[in-house]
Amino acid sequence: MEKGIPMPADAIIFIHGHMGCPAQFSPLLPLLHTDGTALYHFTLPGHGGTFDQFIKSSHQQWQSAFTAFVRELQTEYKHI
C-alpha cells in the first residue's frame, strides 16, 4: 500500500473446492470490496496447472500451504 494509506483491518480468503477455481468467486468481489476489506484468492497446490501436477498434490500439501498463507496474513490483518 502507498505510504499514508492505512491497511484494511480485515481480510477475506476465498478458497475453492475440489473441482473449483478462484474465478468462481468473481461475482462476489464487487459486493465485498466496497467496505475496504482486503480480498484474496487462494489456489491450492497442484491446482491451476496440469493434470499431472494435480495428481501429484495431496491433501497434506493443500492444508500446509493454506495454513502458511493464513499465518502470513495474520501479521498484516486484525481479522481474517
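Residue-wise test of (1) modelled with pLDDT of 90 or more; (2) open to solvent by less than 60 Å² (accessible area, probe 1.4 Å).
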| position | (1), (2) |
| --- | --- |
| Glu2 | no, no |
| Pro8 | no, yes |
| Gly17 | no, yes |
| Gln24 | no, no |
| Pro30 | no, no |
| His33 | no, no |
| Ser64 | yes, no |
| Phe69 | yes, yes |
| Leu73 | yes, yes |
Query raised in the report: Is at least one residue of segment 58-75 over 16 Å from the mean Cα position of the chain (by Cα) and either touching a residue at least 24 places away in the same chain (Cβ under 8 Å) or not in a loop (DSSP other than H, G, I, E, B) (or both)?
Result: yes
**Report entry** Pairs, first farther than 12 Å from His16 by Cβ and free of Cβ contacts under 8 Å to residues at least 60 places away in the same chain in segment 33-56, second among the acidic types (Asp, Glu) and open to solvent by 50 Å² or more (accessible area, probe 1.4 Å), C-beta under 6 Å, six or more apart
**Finding:** Thr37/Asp10
Query raised in the report: When segment 48-62 is examined, which residues are found to be modelled with pLDDT of 90 or more, surrounded by fewer than 12 Cβ atoms within 10 Å (Cβ to Cβ) and either among the hydroxyl-bearing types (Ser, Thr, Tyr) or on the phi > 0 side of the Ramachandran plot (or both)?
Result: Ser58
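The values are calculated or read from the model by the stated rules, or taken from the named source; none is laboratory data. Quick caveat: nothing in here was measured; it's all calculated off a predicted structure. Here the Cβ is made from the backbone with ideal geometry for all residues, glycine too, and neighbour counts use every protein chain on show. Just the protein is used for accessible areas: all its heavy atoms, side chains included, with ligands, DNA and RNA removed. Shrake-Rupley method; radii C 1.70, N 1.55, O 1.52, S 1.80 Å.
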